[in-house]
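See structure below.
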């Protein structure tokens, strides 16, 4: 179990790095193209994973939080939203973090 936890933390670090690369700008037609890089990193997380996103369309800034390897999807969702909230606060975004994807399925329907 400890090995699985270390792998999940390393994978989460990859996603966190990708999130920082986002810079999270948007041209108004959707998330910045760098989100594709974050998505690929997210897909490398262990099963029971979730991805949360927060964006401020007025300033065109986005942040994400991701987590994987939990005992349940609910645990992954909670951890992803928590990571997103931390990044959102650091960037002083006002929009709420919402679940963008669960497992391999994008569940976000947009603003």
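Taking the stretch 87-99 as the range and being surrounded by 14 or more Cβ atoms within 10 Å (Cβ to Cβ) and free of Cβ contacts under 8 Å to residues at least 60 places away in the same chain as the test, the residues that pass are 88, 93, 95, 97, 98, 99.
Residues in the stretch 93-111 that are at positive phi and modelled with pLDDT of 90 or more: 103 only. Name every residue in the stretch 66-84 that is surrounded by fewer than 24 Cβ atoms within 10 Å (Cβ to Cβ) and in a helix (DSSP H, G or I), in order of residue number. Of everything in the stretch 66-84, those that are surrounded by fewer than 24 Cβ atoms within 10 Å (Cβ to Cβ) and in a helix (DSSP H, G or I) turn out to be 73, 74, 75, 77, 78, 79, 81, 82, 83. Here residue 76 passes the criteria (1) modelled with pLDDT of 95 or more; (2) touching a helix residue (DSSP H, G or I) at 6+ places or on another chain (Cβ under 6 Å) except the one numbered (2). Based on this model, can you work out whether residue 34 counts as in contact with a helix residue (DSSP H, G or I) (Cβ under 8 Å, 6 or more places away or on another chain), modelled with pLDDT under 95, under 20 Å from residue 93 (Cβ atoms) and surrounded by fewer than 20 Cβ atoms within 10 Å (Cβ to Cβ)? In short, yes.
The values are calculated or read from the model by the stated rules, or taken from the named source; none is laboratory data. Source: prediction; values computed, not measured. Neighbour counts are summed over all protein chains in view; Cβ atoms, including those assigned to glycine, are modelled from backbone coordinates with ideal geometry.
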